[in-house]
1. Around A:F52, under 14 Å between beta carbons, what's the net of Lys plus Arg minus Asp minus Glu among the other residues?
2. What do you get for Rg/Rh of chain B when both radii come from the Cα atoms and Rh is the Kirkwood radius?
3. Loop-only trypsin sites (Lys or Arg not before Pro) in the range B:34-100, please: DSSP not H, G, I, E or B, and at most 12 other Cβ atoms within 10 Å.
4. Step through the residues of the range B:90-100 one at a time and calculate ³J(HN,Hα) from phi using the Karplus curve (6.51 cos²θ - 1.76 cosθ + 1.60, θ = phi - 60°), rounding each to whole Hz and writing x for Gly and Pro.
5. List the relative contact order of the range A:1-80 as a percent without decimals, with contacts defined as Cα pairs under 8 Å and 6+ residues apart.
6. Which net charge results when you count Lys and Arg as +1 and Asp and Glu as -1 among the other residues whose beta-carbon is under 14 Å from that of A:L22?
7. From Cα pairs below 8 angstrom and at least 6 apart in sequence, can you work out the relative contact order of the range A:28-120, rounded to a whole percent?
8. Please work out how much length the chain gains when fully extended from A:V15 to A:N29, using 0.36 nm per residue of separation minus the C-alpha to C-alpha distance, in nm with one decimal.
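Nothing in this text is a laboratory measurement; each read-out follows from the coordinates by a stated rule. Small disclaimer: the values here were computed from a predicted structure and weren't measured. Because the Cβ atoms are built from the backbone with ideal geometry, glycine has one as well, and the counts that use them run over all protein chains shown.
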Amino acid sequence: MLHQILFFIFAAVAVAAAINLLLQKHPINSALSLVVVMGALAVLYLLLGAEFVAAVQLIVYAGAIMVLFVFTIMLLNAGIEERTPGSTVATLIGVPGVAALIGLCVFVFARGRLGESGYTIGQFHASTQDIGRLLFQDYLLPFEVTSVLVLIGIMGAVVLAKRDDASPADRAPEITAEAPRPESQEPAERIHA
Amino acid sequence: MVPISYYLVLSAILFCLGVAGFLLKRNIITIFMSIELMLNAVNLSFVAFSAELHRLSGNIFVFFVMVVAAAEAAVGLAIIIEVFRTRDTLNIDKVNLLKM
């Protein structure tokens, strides 16, 4: 009974926050909604006995990855989403299509004979010790390949984020030619004052 | 007593909402967040199957998915910053050329 109550509360929280992610116009609101989804999912992982995954979900996803997102949004000063003709077409076709997809998936999973016995809290316990043993014995090669992937990811991020020496000089005249920046007007005012 | 199919239905709903965000949103960062939502939905079904079948492999796969998601977020956000530097927009409809 407790399991059902907790499941329905946090499932409702997750779905509501995911819908809020779609409805919000400003990316920072969407990012905070996604943090709520991830927290609710961490509780559901705990209900399923996966304590290690729940902790990693909070630390890596809700902690590290979402901080990266919020940092990028604030760095780029992202504003309210613009509307374009493409978004109208996407809404007209996308919303019924996605509703049909949800209906189909729910129909298939709800009708399937999967796990009719049900699952109660504490039936299965994935301890961190067992996961570590499995990870470093049976899944050692995938683990090492993953470390190479992360190394490549770090190098890719550094290469992409590094500014070229020639490009700022090329781009600077374009920016001033298109629209004078507010910063460039400030010195002039100071001179007048 | 919660049937495992409830978890799968929740996972499917979250995944479809992620697909909807990917199709409907016009901001690159929000589209990227929709992808993360889809990855999370898949993780939930992995953990649900892990508990149903009493196997630990599902938890290991979630671990790998998280590592890939972290690497993807780092590289993807670097690409987004680079796109914003070259065209001063985050609107996906205005990013229609690979090179400019």
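1. Around A:F52, the charge tally is -1.
2. Across chain B, the Cα-based Rg/Rh ratio is 1.11.
3. Here the trypsin sites (Lys or Arg not before Pro) that fit, given the DSSP loop and packing criteria, are B:K99.
4. 10, 6, 5, 6, 8, 9, 10, 10, 6, 9, 8
5. For the range A:1-80, the relative contact order is 31 percent.
6. Net local charge, A:L22 excluded: +1.
7. Averaging sequence separation for qualifying contacts and normalising by length gives 23 percent for the range A:28-120.
8. 3.5 nm
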